[in-house]
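What follows is a set of notes on a single structure, which appears directly below.
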Amino acid sequence: MIKILKTEENKQLSRLSISEAVSGSWFSLIEPTEEEIKQVSLVLGLNEDFLRNSLDLDEKSRIEIEDGNTLIITNLPIMTEDGCFDTLPLGIIYTPTSIITVCSKDNNILGSFNEKTAYTFDTRNKTEFMLKILYRSVKFYLKYLDIINRTSEDVETELQKATNNKALFQLMEIQKTLVYFSTALKDNDIVLQKIMRMTKSASLNYLKTTEEDIDMLEDVIIDTRQAIEMVDMHRMILEAMMEGFASIINNNLNQVMKFLAAITIIMSIPTMIGGLWGMNVAVPYRNSPYGFLIVVAISIITSVAVVFYFRKKGMF
């Protein structure tokens, strides 16, 4: 899908067709087809590989410059349909006339730049718009990390009374997400550092940044490093939790097994006593009219005594 938007003088967004696209337009490509890639490549004079590279789900964050066009690939955080988190490559192509974003899936980050929020960005200021996309991306990382933190706390509460592996599997899923986030954020940080170096080099400053742009870039770098620190902290806490709660689950299971063993012993006492008095040999009280009641009383008294003994030993 191709969506072409341009900020007008009144700060409103106008939607254009590909034949109407002018300087200062934003080409948003979401799950583009081969035909759409060829159209955009022809209209903007771009190498088709510039547009295809970002569609590879395993593509790493990097910067590539060719014929005055700059490709910046960064990794976005996304929430999947099942409530889990993952990362997704986003390509931002900076040309002399326009800015292009290419992504293999629709996402909340690009979706937040729309007609309702048009007053917060300007597609004609390509550098500022690109930095706002990067800034919005790192804010979503921080937002999702807060959600992950709350989820891990809920799982921690569940683990305190769990005797199965379900909660541990949830923690493993969270841990896998943190690995994805950590890798993506560190790759993004390298790209941001390279952009910063480019802005300080007169020969490499293809983005033509201003002082305000550099200030925003510094904010993005600071927030990215904050997110990296949060991910590392959550990973260390999670690893300690998994080790500790694996022991707790084993301990809870041992307590259950001790309880079942104690119940089995207690229930076997009346059976054992009844079996002894049911043998075809001479036994006490065989001729007594109260023999049955005496045997029942002995079974009850012995069972109660064993119960008190097990309680004293912590079996219950």
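The values are calculated or read from the model by the stated rules, or taken from the named source; none is laboratory data. If you're wondering where the values come from, they're calculated on a predicted model, not measured in any experiment. Here Cβ is always computed from backbone atoms with ideal geometry, including for glycine, and neighbour counts include all displayed protein chains.
If I ask for residues that are of a type in the set (A, V, I, L, M, F, W, C) and either surrounded by 15 or more Cβ atoms within 10 Å (Cβ to Cβ) or in contact (Cβ under 8 Å) with a residue 40 or more places away in the chain (or both), which ones from the stretch 263-280 would you list?
If the condition is that a residue be of a type in the set (A, V, I, L, M, F, W, C) and either surrounded by 15 or more Cβ atoms within 10 Å (Cβ to Cβ) or in contact (Cβ under 8 Å) with a residue 40 or more places away in the chain (or both), then I265, I266, I269, I273, W277 are the ones that fit.
Just to check your reading of the model, which residue among I4, I37, I30 is within 33 Å of the chain's Cα centre (by Cα) and within 15 Å of R124 (Cα to Cα)?
Selected residue: I4, the only one of I4, I37, I30 that is within 33 Å of the chain's Cα centre (by Cα) and within 15 Å of R124 (Cα to Cα).
Any idea how many residues of the stretch 3-46 are surrounded by 11 or more Cβ atoms within 10 Å (Cβ to Cβ), charged (D, E, K, R) and more than 26 Å from N108 (Cβ to Cβ)?
2
So which of K200, K186 is at pLDDT below 90 and either assigned by TED's automatic domain parsing to the domain that holds I93 or among the basic types (K, R) (or both)?
K200
Output the number of residues of the stretch 281-316 satisfying the condition of being surrounded by 13 or more Cβ atoms within 10 Å (Cβ to Cβ) and among the small types (G, A, S).
Within the stretch 281-316, residues that are surrounded by 13 or more Cβ atoms within 10 Å (Cβ to Cβ) and among the small types (G, A, S) number 3.
Can you say whether V256 is in contact with a helix residue (DSSP H, G or I) (Cβ under 7 Å, 6 or more places away or on another chain) and farther than 30 Å from D122 by Cα, as far as the supplied structure shows?
no
Give me the pairs, please: first residue somewhere in the stretch 9-34 and under 18 Å from G91 (Cβ atoms), second residue anywhere and basic (K, R) and part of a loop (DSSP other than H, G, I, E, B), beta-carbon distance under 8 Å, and either six or more positions apart or on two chains.
I30/K105; E31/K105
Looking only at residues that are among the aliphatic types (A, V, I, L, M) and assigned to a strand (DSSP E or B) in the stretch 8-44, which one is nearest to K116 (Cα to Cα)?
Checked the stretch 8-44; the qualifying residue nearest to K116 (Cα to Cα) is L13.
Would you be able to tell me the number of residues in the stretch 68-112 that are at positive phi and in contact with a helix residue (DSSP H, G or I) (Cβ under 8 Å, 6 or more places away or on another chain)?
The number of residues fulfilling the criteria is 0.
Count, please, the residues in the stretch 231-263 that happen to be farther than 16 Å from M172 by Cα and aromatic (F, W, Y).
Number satisfying all stated conditions: 1.
Name the single residue, out of those in the stretch 63-93 being more than 13 Å from V191 (Cα to Cα) and among the polar types (S, T, N, Q), that is modelled with the highest pLDDT.
Selected residue: T87.
Take the residues of the stretch 270-310 that are among the hydroxyl-bearing types (S, T, Y) and at pLDDT 75 or above: which is farthest from F259 (Cα to Cα)?
S288
Scan the stretch 124-151 for residues that are touching a Ser or Thr at 6+ places or on another chain (Cβ under 7 Å) and either within 12 Å of F85 (Cα to Cα) or basic (K, R) (or both) and jot them down.
Within the stretch 124-151, R124, R136, I148 qualify.
Just a yes or no: is a residue in the stretch 102-125 buried (at least 22 other Cβ atoms within 10 Å of the Cβ), assigned to a strand (DSSP E or B) and touching a residue at least 40 places away in the same chain (Cβ under 8 Å)?
Yes, the stretch 102-125 contains at least one residue that is buried (at least 22 other Cβ atoms within 10 Å of the Cβ), assigned to a strand (DSSP E or B) and touching a residue at least 40 places away in the same chain (Cβ under 8 Å).
Of everything in the stretch 234-262, what is surrounded by 13 or more Cβ atoms within 10 Å (Cβ to Cβ) and closer than 22 Å to F181 by Cα? Give them in sequence order.
Result: H234, R235, I237, L238, E239, M241, M242.
Look through Q175, Q193 and report the one residue that is crowded, with 16+ Cβ neighbours inside 10 Å and assigned to a helix (DSSP H, G or I).
Exactly one of Q175, Q193 is crowded, with 16+ Cβ neighbours inside 10 Å and assigned to a helix (DSSP H, G or I), namely Q175.
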